[in-house]
Protein chains: 2
Amino acid sequence: MTLPERTVERLSEYRRSLLQCLEEGKTHIFSHELAELHHNTAVQVRRDIMFIGYTSMQRKGYDLRELVDVIGDILDSERGLNVAVIGIGNLGRAVTTYFVGKRSKLNIIATFDVDTTKIDRVISGVKCYPLSRLNEVVKAQQISIAILTVPADSAAEVTAQLVEADIKGLMNFTTVPLNVPPDVYLDEFDMITSLEKVAYFVKSPQN
Amino acid sequence: MTLPERTVERLSEYRRSLLQCLEEGKTHIFSHELAELHHNTAVQVRRDIMFIGYTSMQRKGYDLRELVDVIGDILDSERGLNVAVIGIGNLGRAVTTYFVGKRSKLNIIATFDVDTTKIDRVISGVKCYPLSRLNEVVKAQQISIAILTVPADSAAEVTAQLVEADIKGLMNFTTVPLNVPPDVYLDEFDMITSLEKVAYFVKSPQN
DNA sequence: TTGAATCTGTGATTTAATTAACAATATTTT
DNA sequence: AAAATATTGTTAATTAAATCACAGATTCAA
Ligand SMILES: NC(=O)c1ccc[n+]([C@@H]2O[C@H](COP(=O)([O-])OP(=O)(O)OC[C@H]3O[C@@H](n4cnc5c(N)ncnc54)[C@H](O)[C@@H]3O)[C@@H](O)[C@H]2O)c1
Ligand SMILES: NC(=O)c1ccc[n+]([C@@H]2O[C@H](COP(=O)([O-])OP(=O)(O)OC[C@H]3O[C@@H](n4cnc5c(N)ncnc54)[C@H](O)[C@@H]3O)[C@@H](O)[C@H]2O)c1
């Protein structure tokens, strides 16, 4: 079964709302309630849930616990996945600190840099390795995902090394577009573009 | 004329590549060259350029300088737009430092926080104001865009204040979905979702 | 216990975005 | 200067995503 990309994203978002609701003591939720928590419609929610093959007790809404579990079955790997942050500057540190706080199936277990003043330091409990040890550490620690926060001018080169080290997923925060082979999943977040888009729509409102 | 959202994003990306090419002394670029710099096709590039009504000298490729200017006419506001960062913690500081380095039409000119140890401090040349002065400063400095990097549990409340202060564009980095009136443009970047999506596609490759 | 109301699941339709296909035009080659 | 080649601009076709529309299923109200 192959899920639409947007559906995958929304499932991740739904899950957090659902967990929140559980904490508040709720046990069930209607599609229109979940829709309202996101900027979304009830049909969209039902369609997404249909994709993952979950069906609710009619008229009672979705069972929060069950739905969270089904989403987990879809999104999570049994034993979690290991993640490395490459380039532990301002952004890399913020991201590392943020994620290490969360208990989740995604574990940031190593960071890499070339700056000798950073190497061997521990940030939020995660050790910083020299980039030269990338291959070795990635293999030893079974890291499959990298978060790229190196300066723009080394992005391409470091990416080649990551591919070489057999990384399978890459989240790119640098503002240079990267090329990876088709078996590596790449997600890029270009902050400049995002801001420029906001600016465009502020300047030229659409309605 | 109303541009597809994805086209707006790509134009922003193209522009940076074009400027890069200009610096390297090039004067023209073919659609397939530009496509190759992004992960993109020549048709897509031409289609995007068609949307903005620019047409090249046939067979010579696009004139870099002209194309950059046309994209600027579309994306930029004449006098630039003023931006504030709300919540000057790890991420807020990284973003502020990053953007202040760039000369661009988007000027981060104020930051806001509630932590008294941060208020009145200057980060990368930008002063931090108490959130209580939001309305006043936003009006005085004609700030139209906000970057939201406050803790999740204050996101909704702060957003209401931003809307009240008549902010017209909002880039949300918190991982809670926000509700804003239709005349406020909202872009959300949910880092958890992005990473979970990468993890999903690593776990379940699509081909 | 019938009728109205509420909510889900899904086929059909619409809309948005991408890709294919190709005519038009300029350049190069012979 | 005719033929071959390269590149653009655009119409048409395709694909992906979102929305509509409505048939069931269940509950509630009288
Ligand atoms: N800071 C932001 O908010 C922000 C916003 C948008 C984009 N970015 C992008 O994210 C990247 C990092 O931004 P930053 O502000 O953290 O920069 P930074 O300069 O603070 O950090 C970069 C880090 O990467 C390290 N580094 C350099 N070369 C390396 C290499 N070859 N291998 C591994 N590490 C290497 C440096 O030592 C440094 O620690 C940049 O590409 C930037 O364009 C950052
Ligand atoms: N750090 C990351 O990489 C990262 C990643 C994903 C999401 N986020 C989100 O971004 C936000 C900020 O993350 P962070 O790591 O910078 O957190 P942080 O705790 O370092 O910073 C939060 C800042 O907001 C300030 N603040 C608190 N309440 C405020 C209010 N009402 N008004 C203005 N300022 C207020 C705090 O004083 C602090 O300076 C969080 O919502 C987090 O979920 C951060």
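The values are calculated or read from the model by the stated rules, or taken from the named source; none is laboratory data. Here the structure is a predicted model, which is why all the values come from computation and not from measurement. Every residue, glycine among them, receives a Cβ derived from its backbone with ideal geometry; neighbour counts consider all protein chains shown.
Among residues of region B:70-88 being closer than 28 Å to A:Val95 by Cβ and within 9 Å of chain A (Cβ to nearest Cβ), the one that is nearest to DNA strand C (Cβ to nearest atom) is B:Leu75. Test A:Arg103 against the stated conditions and say whether it is under 20 Å from B:Met191 (Cβ atoms), near ligand 1 (Cβ under 9 Å from one of its atoms) and of a type in the set (Lys, Arg). So A:Arg103 fails the test.
When A:Thr117, A:Thr193, A:Thr149, A:Thr175 are screened for being under 24 Å from B:Lys203 (Cβ atoms) and of a type in the set (Ser, Thr, Tyr), only A:Thr149 passes.
In this entry, B:Ser132 passes the filter for residues that are over 30 Å from A:Val83 (Cβ atoms), more than 11 Å from chain A (Cβ to nearest Cβ), small (Gly, Ala, Ser) and more than 16 Å from DNA strand D (Cβ to nearest atom).
Condition first: more than 8 Å from DNA strand D (Cβ to nearest atom) and within 16 Å of A:Leu178 (Cα to Cα). Can you find one or more residues in region B:41-55 that meet it? The answer is yes, given that some residue of region B:41-55 is more than 8 Å from DNA strand D (Cβ to nearest atom) and within 16 Å of A:Leu178 (Cα to Cα). Tell me, yes or no, whether region A:193-206 has at least one residue that is within 13 Å of chain B (Cβ to nearest Cβ), over 16 Å from A:Gly89 (Cα atoms) and touching a residue at least 12 places away in the same chain (Cβ under 8 Å). There is at least one residue in region A:193-206 that is within 13 Å of chain B (Cβ to nearest Cβ), over 16 Å from A:Gly89 (Cα atoms) and touching a residue at least 12 places away in the same chain (Cβ under 8 Å). Taken over region A:109-165, the criterion of being more than 27 Å from A:Arg79 (Cα to Cα) and hydroxyl-bearing (Ser, Thr, Tyr) is satisfied by A:Thr116, A:Thr117, A:Ser132, A:Ser154. Pairing each residue of region A:84-100 that is on the phi > 0 side of the Ramachandran plot with any residue that is within 10 Å of ligand 2 (Cβ to nearest atom), provided the two are 6+ apart or on different chains, yields C-beta distances under 7 Å for A:Gly87/A:Thr149. Restricting to region A:89-124, and then to whatever is over 18 Å from the mean Cα position of the chain (by Cα) and within 14 Å of chain B (Cβ to nearest Cβ), can you tell me which residue is surrounded by the fewest Cβ atoms within 10 Å (Cβ to Cβ)? Out of the qualifying residues, it is A:Ser124. Give the number of residues within region A:165-178 that are in a loop (DSSP other than H, G, I, E, B), more than 9 Å from ligand 1 (Cβ to nearest atom) and buried (at least 18 other Cβ atoms within 10 Å of the Cβ). Counting residues in region A:165-178 that are in a loop (DSSP other than H, G, I, E, B), more than 9 Å from ligand 1 (Cβ to nearest atom) and buried (at least 18 other Cβ atoms within 10 Å of the Cβ) gives 4. Taking region B:141-179, which residues are more than 9 Å from chain A (Cβ to nearest Cβ) and at pLDDT below 95? Once the filter is applied, which keeps residues that are more than 9 Å from chain A (Cβ to nearest Cβ) and at pLDDT below 95, region B:141-179 yields nothing.
Out of all the residues in region B:22-35, is one or more more than 13 Å from DNA strand D (Cβ to nearest atom), within 13 Å of another protein chain (Cβ to nearest Cβ) and within 17 Å of A:Glu188 (Cβ to Cβ)? For region B:22-35, residues more than 13 Å from DNA strand D (Cβ to nearest atom), within 13 Å of another protein chain (Cβ to nearest Cβ) and within 17 Å of A:Glu188 (Cβ to Cβ): absent. Answer yes or no as to whether B:Lys139 is under 29 Å from B:Arg6 (Cβ atoms) and either within 17 Å of the chain's Cα centre (by Cα) or surrounded by fewer than 15 Cβ atoms within 10 Å (Cβ to Cβ) (or both). No, not satisfied.
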